[in-house]
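Okay, so here's the structure we're looking at.
The values are calculated or read from the model by the stated rules, or taken from the named source; none is laboratory data. Computed from a prediction, not measured in an experiment: that's the story for all the values here. Positions of Cβ are backbone-derived with ideal geometry, glycine not excepted, and every protein chain shown enters the neighbour counts.
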Amino acid sequence: MAIAGAEAVTDQSARAVQRTKGLVAVVALLLLFAAPFVLNSYLLFVLNLTLVYAVATLGFNLLVGWSGQIGLAHAALFAIGAYGSAIAMEQGVPFLVTIPLVGLAAGGLAVLIGFPAIRLTGFFLAIATLALGMAIVELLKGARAVTGGGGGLNVEVFTLPGINGSASTYFITLAVAAVAFFLVRRSLIGRFGRTLQAVRHLGQLSGSLGISALRYRLLAFGLSGFIAAIAGSLYGQLQTFVFPAMFEMNLLVPMLVMVFVGGAGSHWGPLIGAAFAVVLIELFQDLGDLQAIAYGVVLMVAIAVLPGGLVSLFATFRDSRSIGRLLARRTGSTRSEVSG
Amino acid sequence: MLQTVLSGLESGSWFALLGLAIVVVMKAADVPNFAMAEIGLVATYVGTVLNAAGISFWPAVVVTLVIGTLLAIVIDLALMRKLAKYGHFPLLLMTIGLSLALNALIGLIWGHEPRSFTAPWSGNHLDLGGLDVSWAQIVTIAAGALGAIGITAFFRSPMGAQMRAVAENRETARLVGVNAGRLSAIAWGLGGLIASMAVMLQAQSTLVSTHSAASLIIYGFVAATMGGFVSLFGTFAGGLALGIIQQLVGTYISTSAQFAVALLAVFLVLMLRPGGFTKGMRLRDV
């Protein structure tokens, strides 16, 4: 009897937790939706940039945090999205159509980039993918006829009818980010995420479970490239002008900061990491070299002090039971009942 | 053609030395070090400042090498040691963060304008039967070869043997009484010394800046990749070959293709011979 009662209560509070989480998500989305009507144009830009980076980091985290492969071509794939979308629009393709197009193109390219993963692991893979990523950026510099070379390329800005430019860009970014986070979270919670982790920990041994390690490794590369390019196309819309130097180490290192400060292999780490990195950029933007120093130092501190990233702070807080107690009170039960 | 090969050997010596610095740390401490060029650059900048302040050339060189060595040891003790238990990735990221921070710090203190380290022989040339050889080139190539021989000799000494044992199997080496921590500090110090030598050699021949460090480290990694991150000989030969290929590409194709060719070289080596191109040609003990 007592045990059955306890189960009912835990079931009840688990549902309460689910409800609270859903409520928080809806409120957060509503607040984000209201942002263009409340914030000035500078803050809206910062928020928009945060969301763009959060989507990019979502893909990077999938590759680095979940499948455990150090692929360092992510900034270049992001560039493919920004350039690809702008160039396709010049050819008359509507912006909203270019989003999935660049995603598919970069996803395919990312699978090719991931092919060294057949033979290489660890930092050998890191160096091979870094080299390929740099080669892509070099190619963007070299193909002057199409990309404008080092001088850069103007991006035609798409606006939803009846909404002003920056608000429209923001709404599109918000919609894409919400869908991307929802879908990636759904798939990582389920079978796909668990398989990725199995492959990560077992390597080739996962073959004995009937899982093709290679297929999942390449799938992780492809998906991360797909998401990176989508974020890149949004980035192009936000910046309205792109040039190759935007996508070199000065972007790759902040992306690593976002993954690791947020928390590699977590669900909300990309969002928190992106917010952190963008705030850092904006705080230090007039300081030039100090900004780079701050980035380097923050990356080092984050790795040394918080191997689990900022997300692990929230987890510590959650596991400290203070929230559990609050929820227990709300569902009308007390701790003694639960333990009884 | 010969002239091009000669300048290739010169720049190849910088790449080879930096590659050796990376491999030495890799061997003993198991860290892929992206901050090596910046460590060398910090030391070299201190040297140029001393030189400009009127301190004569050789004392400035000695101070530069000492600073490079000490800086690397401090980095190992203060930053790397605690992270070793988390594996490769945090260490790799730590060196990336460090290279970014050091690079910016150099820019903050000394600015981003290119500088050179003027040697007593700077600007002097020799004419060898139509071949125009600068003393800077002779010094660089000779110092590169000497550095490589020195490191090879070091790895054959008892301490070098211990280092190889640690690289092979850290736990077993420690069980038989090898002090792995001390060896890692020594390897970092040695790496810092060689890296400052590489950057200083570059600075006495041409200009160095915060931007040149960023490309130097890539070339160093290309050289190290060619040696499979293990072989000292493979790394040295790979660095020289890279320098020559790069100069030939610059002369006969285009200077803007140089970087792309170096990247292509890394990729091909990693795909075709992940163990480095000298693997299989078993040179004893190297």
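Of note:
- Only listed residue being not in a helix (DSSP H, G or I) and not basic (K, R), chosen from B:I73, B:I55: B:I55
- Residue check, B:L98 assigned to a helix (DSSP H, G or I) and under 26 Å from A:A128 (Cα atoms): yes
- When B:M159, B:M197 are screened for being farther than 21 Å from B:F57 by Cβ and touching a residue at least 24 places away in the same chain (Cβ under 8 Å), only B:M159 passes.
- The condition of being within 14 Å of another protein chain (Cβ to nearest Cβ), surrounded by fewer than 24 Cβ atoms within 10 Å (Cβ to Cβ) and assigned to a helix (DSSP H, G or I) does not hold for A:V257.
- The criterion of being aromatic (F, W, Y), within 13 Å of chain B (Cβ to nearest Cβ), touching a residue at least 40 places away in the same chain (Cβ under 8 Å) and out of contact with any Ser or Thr (no Cβ under 9 Å at 6 or more places or on another chain) does not hold for A:F78.
- Residues of region A:101-117 that turn out to be without any contact (Cβ under 8 Å) to a residue 24 or more places away in the chain and more than 14 Å from every other protein chain (Cβ to nearest Cβ), as a count: 1
- Residues considered: A:L196, A:L218, A:L188. Of these, the only one that is touching a Phe, Trp or Tyr at 6+ places or on another chain (Cβ under 6 Å) and buried (at least 18 other Cβ atoms within 10 Å of the Cβ) is A:L196.
- Residues in region B:1-31 that are crowded, with 22+ Cβ neighbours inside 10 Å and outside any helix (DSSP H, G or I): B:V31 only.
- Selected residue [under 30 Å from A:Q91 (Cα atoms) and within 14 Å of chain B (Cβ to nearest Cβ)] from A:L120, A:L139, A:L125: A:L139
- Hits in region A:228-247 (condition: within 14 Å of A:Y170 (Cβ to Cβ) and not polar (S, T, N, Q)): A:L234, A:Y235, A:L238
Residue by residue, here is whether (1) under 30 Å from A:V38 (Cα atoms); (2) in contact (Cβ under 8 Å) with a residue 24 or more places away in the chain; (3) out of contact with any helix residue (DSSP H, G or I) (no Cβ under 6 Å at 6 or more places or on another chain) holds:
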site	(1), (2), (3)
A:V155	yes, yes, no
A:T173	yes, yes, no
A:G207	no, no, yes
A:A213	no, no, no
A:S233	yes, yes, no
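Residue-by-condition table, conditions (1) under 22 Å from A:I99 (Cα atoms); (2) buried (at least 16 other Cβ atoms within 10 Å of the Cβ); (3) not hydroxyl-bearing (S, T, Y):
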residue: A:V137; (1), (2), (3): yes, yes, yes
residue: A:V146; (1), (2), (3): yes, no, yes
residue: A:E156; (1), (2), (3): yes, no, yes
residue: A:A178; (1), (2), (3): yes, yes, yes
residue: A:S206; (1), (2), (3): no, yes, no
residue: A:A213; (1), (2), (3): no, yes, yes
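- Scanning region A:279-292 for residues that are assigned to a helix (DSSP H, G or I) and farther than 17 Å from A:E248 by Cα, we see that the one that is nearest to the other protein chains (Cβ to nearest Cβ) is A:L290.
- Some residue of region B:33-51 being closer than 30 Å to B:V178 by Cα, facing chain A (nearest Cβ under 10 Å) and either among the hydroxyl-bearing types (S, T, Y) or out of contact with any Phe, Trp or Tyr (no Cβ under 6 Å at 6 or more places or on another chain) (or both): yes
- Taken together, the criteria exclude B:G144 from residues that are farther than 16 Å from B:A84 by Cβ and at pLDDT below 85.
- In the set (1) out of contact with any Gly (no Cβ under 6 Å at 6 or more places or on another chain); (2) surrounded by 24 or more Cβ atoms within 10 Å (Cβ to Cβ); (3) not β-branched (V, I, T), the condition left unmet by A:L39 is number (2).
- From B:L83, B:L128, B:L79, B:L71, residue being more than 14 Å from chain A (Cβ to nearest Cβ), surrounded by fewer than 22 Cβ atoms within 10 Å (Cβ to Cβ) and among the hydrophobic types (A, V, I, L, M, F, W, C): B:L128
- Residue match in region A:211-227 (condition: modelled with pLDDT of 95 or more, under 24 Å from A:V46 (Cβ atoms) and small (G, A, S)): no
- In region A:197-216, residue nearest to A:L112 (Cα to Cα) [restricted to those that are among the aliphatic types (A, V, I, L, M) and part of a helix (DSSP H, G or I)]: A:L214
Yes or no, residue by residue, for (1) more than 12 Å from every other protein chain (Cβ to nearest Cβ); (2) more than 30 Å from B:A165 (Cβ to Cβ):
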site: B:W188; (1), (2): yes, no
site: B:G192; (1), (2): yes, no
site: B:T206; (1), (2): yes, yes
site: B:F233; (1), (2): yes, no
site: B:Q246; (1), (2): yes, yes
site: B:A260; (1), (2): no, yes
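- Residue identified as in contact with a strand residue (DSSP E or B) (Cβ under 8 Å, 6 or more places away or on another chain) and buried (at least 19 other Cβ atoms within 10 Å of the Cβ) among B:S205, B:S231: B:S205
- B:L105 vs. criteria farther than 24 Å from B:Q3 by Cβ, within 14 Å of chain A (Cβ to nearest Cβ) and out of contact with any strand residue (DSSP E or B) (no Cβ under 8 Å at 6 or more places or on another chain): yes
- Failed item in (1) farther than 21 Å from A:G265 by Cα; (2) part of a helix (DSSP H, G or I), with A:T159 passing the rest: (2)
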